[in-house]
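Let me begin by handing over the structure; questions about it come next.
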């Protein structure tokens, strides 16, 4: 049996490629041949990345002078991202031999498989996708073929009435749907569509699997790891003061070399294998990232979370599911929350049950 998966593997960040890897491993464990559709939406194509990042930055997109400065600063970082993530995909992920750059190309020449799957991550987030991306709803799939969704995410807690009306007929074509967040299950329920909430694939894949992939230890001293995706001075100050209090070296894992001006020793866009190692060996982690939180939990780390201004529903969902709501930092003048020790025994019991739930969903979904 062969399954064709479409997901966000081309987005240049660690979470995207790691959930792709975890999804591939899960299907391989089930003795299913898996192939990922090498689909690159326009704003993720390598030659468009600088323009994409600039378009997302209101501050730097105001006039030709600031745009020039932005491009000068960002170009080296974008070039490094392209190298790091494309190398990982080439080395580890089973991709279609043909690269698709549009819905029309997919429709004209769809990959051949027994089952078609919308993979994990924010595949149905219209804000990130720049609208309703029909490929992520499997609209190119030949008639009569089974469609499933594996830990898909809308990335937000509500859809507009217009978006609901547009996506409902697309989602009704799926035979089975699983979503990553409880908010996604609520969205589908409001459309009259059944779904199952399951873990993100990076949490379904257990620690031993990740240890096989990770690089050797990168930092010899005890350290606090920062993995921060959004600007937040309170976050910076809190991490700096907590590291000083605990006598931990402050390590900042960053995509951008100019973050050298921020608190901490910068680890600039390491390889994916090194990224995993930095999480595994950290003595404490502070993050505003969903996948940063997921790996902190999976590796049983002491950690704190800062909610980002947008798309925080996925963070709230995983903390609630694992009973770790108190890891969210609300009072930046108080270290009591950060110093409380997580008892991972009940957390790991929850993860074990959720992994069984995900396995049961997939077994049923791929059954002929």
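At a 10 angstrom cut-off on C-beta neighbours, averaged per residue, how do the peptides 172-180, 346-354 rank from highest to lowest? All intermediate terms of the calculation are to be shown ahead of the outcome.
Numbers: 172-180: 19.8, 346-354: 14.1.
Order by mean packing, descending: 172-180, 346-354.
First check a/c for the range 214-347, with a ≥ b ≥ c the square roots of the eigenvalues of its C-alpha gyration tensor; if it is under 1.5, answer rounded, and if not, answer prolate when a/b is larger than b/c or oblate otherwise. If you can, show how the numbers build up before the last one.
Working: a/c = 1.34, a/b = 1.21, b/c = 1.10.
It is rounded, given that a/c, with a ≥ b ≥ c, falls under 1.5.
Angle between the Cα long axis of helix 14-29 and the longest principal axis of the chain, 0 to 90 degrees, nearest 10?
50
Taking every Cα atom in the range 171-232, find the radius of gyration and the maximum pairwise distance Dmax, and write them in Å.
Cα-based Rg and Dmax for the range 171-232 come out at 18.4, 53 Å.
Which of the three applies to the range 131-201, rounded, prolate or oblate, going by the alpha-carbon gyration tensor with a ≥ b ≥ c and a/c under 1.5 meaning rounded? If you can, show how the numbers build up before the last one.
Numbers: a/c = 1.63, a/b = 1.17, b/c = 1.39.
Judged from the Cα gyration tensor, the range 131-201 comes out oblate (a/c at least 1.5, b/c at or above a/b).
Report the far tail of the P(r) of the range 302-355, meaning the percent of Cα-Cα pairs longer than 16 Å. The partial results should precede the final answer.
Working: 672 of 1431 pairs.
Considering the range 302-355, 47 percent of its Cα-Cα pairs are separated by more than 16 Å.
For the chain, how big is the tail of P(r) above 31 Å, as a whole percent of Cα pairs?
Value for the chain (Cα pairs over 31 Å): 35 percent.
Compute the acute angle (0 to 90°) between the alpha-carbon long axis of helix 233-246 and the principal axis of greatest extent of the alpha-carbon atoms of the chain; round to the nearest 10°.
With rounding to tens, the tilt is 60 degrees.
Out of 296, 277, 237, any idea which swings most in a Gaussian network model of the chain, alpha carbons joined below 10 Å?
In the Gaussian network model the winner is 237.
Sticking with this one: Just round it to a whole percent: the fraction of Cα-Cα distances in the range 91-189 exceeding 21 Å. Mind dumping the intermediate values first?
On the way: 1586 of 4851 pairs.
So the pairs more than 21 Å apart make up 33 percent of the total in the range 91-189.
How far, in degrees from 0 to 90, does helix 272-281 lean away from the longest principal axis of the Cα atoms of the chain, to the nearest 10?
Relative to the chain, helix 272-281 is tipped by roughly 50 degrees.
Bear in mind these aren't lab numbers, they're just calculated from the coordinates by the rules spelled out. Source: prediction; values computed, not measured. Because the Cβ atoms are built from the backbone with ideal geometry, glycine has one as well, and the counts that use them run over all protein chains shown.
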